[in-house]
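Okay, structure first, notes after.
The values are calculated or read from the model by the stated rules, or taken from the named source; none is laboratory data. Owing to the predicted nature of the structure, the values given are computational and were not obtained by experimental measurement. With ideal geometry, Cβ positions are generated from the backbone for all residues, glycine too; neighbour counts draw on all protein chains shown. Surface areas here come from the heavy atoms of the whole protein model, side chains and all, with no ligands, DNA or RNA. Shrake-Rupley method; radii C 1.70, N 1.55, O 1.52, S 1.80 Å.
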Amino acid sequence: MFSRDNWREIFQTIQKNKLRTFLSGFTVALGILIFVVLFGFGNGLINTFQLFFEDDAQNIITFFPGQTTKPYKGYKSGRQIEFDRSDLADIEKNFPMFLEYVTPRIGRTYLTKYKNESNNYSTRGVAPSHQFAEKTIIMKGRYLDKLDILKKTKTAVIGRLVEKDLFGQEDAIGNYIDVGGSVFKVVGVYQDDGGDDEERRIYVPYTTLQLIEKNNDKVDQIIVAFKPELGYSGAMALEKSLSTFFKEKKYINPNDQNGIFIRNVAEGLKQTQQLARVLQLIVAFVAFGTIIAGIIGISNIMVFVVKERTKELGIRKALGATPKSVISTILLESIFITTISGVLGMLIGIAILSSLDKTLEDFFITDPYIDMPVAIFATLVLIIFGGVAGYIPAKRAARIKPIVALRDE
């Protein structure tokens, strides 16, 4: 295998048959390159699906009041369900072992003014723990605290783009804004990885918003954060228990699907991950098909190569070459070409993925990549089968009698 004469002969053969060598190498390189790129796209799809959930905490269950469609315990259908502060207290009282926090949410849209600037912004009445549910990042100042809730203070935390729209280059902290006719003091400015829409919102104490709205105690939504160690099964069980709790408390028929609506991030995340994995498997299957095509291509070329060299092999055998030396020469040439081309194709594919970065986000492919062990494994598979592709016709050629080979046209 390490004979200098063998390698000299291999390089001479490659040099004399440049087109054939190029086609052999191109087939292998293209196969592994396409595999790397397609597999990377599959990982990019998974990244995109995961980003949909990274904006918010992944251990939350949100409850939305609905309208009943079935009568129950003397209550008619068509009844509008409402949440209030007592529901928050009851959840904390009955499910303390499973909870990290509970936060209400009241959503409104108000015309907000500062000096000569004004715009309509989504304004949310929330509790301090809402910061963790939304993964809100405070840039300056502070978020809402318990004292704001207890004293029903008129304090506001505004998004980065709200500050930019209303204040320009001026610092918003400590200034006052008119939110729907009520004056609030800006105590914090935040940013959010969810995008521009998330950063054009205003957060105020939910108790303050209730006070402004005729001092009621109603809330639009209830967000429950469960302990992460519960896992998917625990989250689903907690969802079922909370659903039963709400239906019993609000006198909703257990079979009524419209009385309360639930969004469990754990369930949505699992379904999305499963879909992403299915898509990746499909992409990987197609990518693996390119490797098969590369193997078939190199096999066909090697059959042609051996056929083309039949007379040459006959002369070698007539001069005393053993079948083993004939096989080793062809096999080494096949493995050498496959290895160089496979590694080159792999490196080019990885370079392409690295250069794409975020340019394919419009096609739902974010940061495509391939793990190096996977790329190396695929390349090795191609090299091994490239060797097999060379061995089979070489073994057949080694069996040909010299006199028969010399007669070949």
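General observations
- Efficiency of FRET between Gln80 and Leu347 - r from beta-carbon atoms, R0 56 angstrom, step 0.05: 0.35
- Length gained on full extension, Glu267 to Phe95: 59.9 nm, using 0.36 nm per residue less the C-alpha separation.
- Start at zero, step by 10 Å, and the Cα-Cα distances of the range 26-148 spread as 9, 22, 26, 19, 12, 8, 4, 0 percent across the bins.
- Basic side chains Lys and Arg get +1 at the Cβ, acidic Asp and Glu get -1 at the Cβ, and with that the dipole of the chain about its Cα centre reaches some 1580 debye.
- Anchor Lys154: lysines whose Cα lies under 28 Å away (excluding residues fewer than 8 positions away in-chain): Lys113, Lys115, Lys135, Lys140, Lys146, Lys164, Lys185, Lys214, Lys218
- Calculated on C-alpha atoms, the gyration radius of the chain divided by its Kirkwood radius gives an Rg/Rh of 1.27.
- Dipole of the chain computed with +1 at Lys/Arg Cβ and -1 at Asp/Glu Cβ about the Cα centre; of Ile212, Gly66, Leu150, farthest Cα towards the positive end is Gly66.
- Stretching Glu117 away from Lys151 to a fully extended chain increases their span by 9.3 nm, per 0.36 nm per residue minus the current alpha-carbon distance.
- Dipole-positive endmost among Met236, Met346, His130 within the chain (Cβ charges, Cα centre): Met346
- Carbon and sulfur %, accessible surface of the range 190-257 computed with the full protein complex present, 1.4 Å: 45 percent
- Taking label points 7 Å from Cα along the Cα-to-Cβ direction, Asn216 and Lys135 give a separation of 3.3 nm.
- Magnitude of the charge dipole, the range 92-168, Cβ model with Lys/Arg +1 and Asp/Glu -1, debye to 20: 220 debye
- Cα-based shape type of the range 175-238, given that a ≥ b ≥ c are square roots of the gyration tensor eigenvalues and the cut on a/c is 1.5: oblate
- Of all complete DSSP H helices in the chain, those with a Cα span along the helix axis of 24 Å or greater and a mean Kyte-Doolittle hydropathy of 0.0 or more are 18-54, 265-308, 323-356, 372-398.
- Residues in the range 196-211 carry Karplus couplings, in order, of 4, 4, 5, 8, 10, 10, 10, 10, 9, x, 5, 5, 5, 5, 5, 5 Hz; the curve used is 6.51 cos²θ - 1.76 cosθ + 1.60 with θ = phi - 60°, and Gly or Pro positions show x.
- CD proxy at 222 nm, helix term only [per DSSP H run n ≥ 4: -39500 (n - 2.57); per residue of the chain; nearest 500]: -18500 deg cm²/dmol
- For the range 98-223, with +1 on Lys and Arg beta carbons and -1 on Asp and Glu, the positive-most of Phe98, Tyr176, Asn120 along the dipole: Tyr176
- Accessible surface for the chain, divided over its residues, is 52 Å² per residue with a 1.4 Å probe.
- Maximal additional length on extending the Gln58-Ser233 stretch stands at 61.6 nm, based on 0.36 nm per residue less the C-alpha distance.
- Within the accessible area of the range 24-143 (1.4 Å probe), percent carbon and sulfur: 55 percent
- Nearest-10 value in Å² for the accessible area of Met372, using the 1.4 Å probe: 90 Å²
- Under the Debye formula (equal points on every Cα, no solvent term), log10 I(q)/I(0) of the range 84-234 at q = 0.08, 0.09, 0.20 Å⁻¹: -0.23, -0.29, -1.23
- Under a 5 Å amide H cut-off, with hydrogens placed 1.01 Å from N, Phe83 pairs with Val219 among residues at least 5 apart or on other chains.
- Packing around the peptides 246-258, 151-163, taken as the average count of other Cβ atoms within 10 Å per residue, puts them in this order, highest first: 151-163, 246-258.
- Taking a point 7 Å from the Cα of Phe304 along the Cα-to-Cβ direction, the residues of the range 332-349 with backbone N closer than 17 Å to it are 334, 337-338.
- A cut-off of 5 Å between modelled amide H atoms, ignoring neighbours fewer than 5 places along the same chain, links Glu100 with Ala225, Phe226, Lys227.
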